[in-house]
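Written out below as structure tokens is the structure these notes cover.
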Amino acid sequence: MFTGIVEELGQITEVTPLPDDALRLRIRGPEVTGDAAHGESIAVNGVCLTVVEVADGEFTADVMRETLERSSLRGASAGTPVNLERAVRVEARLGGHIVQGHVDGTGTILRRTPSENWEVVRISLPEGLARYVVEKGSITVDGVSLTVTDVVDDPPSFGVSLIPTTLAATTLGTRAPGDVVNLEVDVLAKYVERLLDARGGS
């Protein structure tokens, strides 16, 4: 489990194709690899990946077809910056919200509106995810825990406000209109929907 509080802005240094349409990524992240070991989890742009090897401030992780089909990692290339977060420890503060690292789909940055102290970013929503996103609720964008400022139904999109710290410390500071970002909706909303469906929607 993660919190959506990015620990480090890392970089993909190598992409190696694997059988069955999979990829092996080598990622530079001196901070997150400081205590990492084989088998541990690190979120890469919000995608929970399992560490295969660790050496010299870098780690490798395998990305299977399912993940590539659902996330922006399908377009990964050497030199791409990525948001990194280690799995949260039980005794740690939950600074963001409960994030599984299981990307639900991708959205596209539609526009950015800068102001003196923050920047408003509007992101498209896939039809199947729109019902889980509510104003003042939580959403994870490329691994960053954010508060939804507003939601538009037609076409589906939502807004977030990014403070200077988020702009400087994550990839969201350089994402441009047209860029694809990973989205993970609040898992609690999905469980509530499932339970209501099981009870006939009552």
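Read-outs: derived from the displayed coordinates by stated rules, not from any lab. Since this is a predicted model, take the numbers as computed values, not measurements. Methodologically, a virtual Cβ is constructed for each residue, glycine included, from the backbone with ideal geometry; neighbour enumeration extends over all protein chains shown.
With the requirement that a residue be touching a residue at least 60 places away in the same chain (Cβ under 8 Å) and not in a loop (DSSP other than H, G, I, E, B), what does region 173-201 give you? Matches in region 173-201: Val180, Val181, Asn182, Leu183, Glu184, Val185, Val187, Leu188, Glu193. For region 103-117, taking the residues that are in a loop (DSSP other than H, G, I, E, B) and within 22 Å of Gly4 (Cβ to Cβ), the one that is nearest to the chain's Cα centre (by Cα) is identified as Val103.
Evaluate region 25-35: report whether one residue or more is closer than 22 Å to Val99 by Cα, hydrophobic (A, V, I, L, M, F, W, C), buried (at least 17 other Cβ atoms within 10 Å of the Cβ) and out of contact with any Ser or Thr (no Cβ under 7 Å at 6 or more places or on another chain). Among the residues of region 25-35, at least one is closer than 22 Å to Val99 by Cα, hydrophobic (A, V, I, L, M, F, W, C), buried (at least 17 other Cβ atoms within 10 Å of the Cβ) and out of contact with any Ser or Thr (no Cβ under 7 Å at 6 or more places or on another chain), which makes the answer yes. Taking the conditions (1) over 16 Å from the mean Cα position of the chain (by Cα); (2) without any contact (Cβ under 8 Å) to a residue 24 or more places away in the chain in turn, Arg74 satisfies each one other than (1).
Note on region 79-102: residues that are outside any strand (DSSP E or B) and surrounded by fewer than 21 Cβ atoms within 10 Å (Cβ to Cβ) total 16. Just so you know, in region 63-100 the residues that are touching a Ser or Thr at 6+ places or on another chain (Cβ under 7 Å) and of a type in the set (Gly, Ala, Ser) include one that is nearest to Phe2 (Cα to Cα), and it is Ala87.
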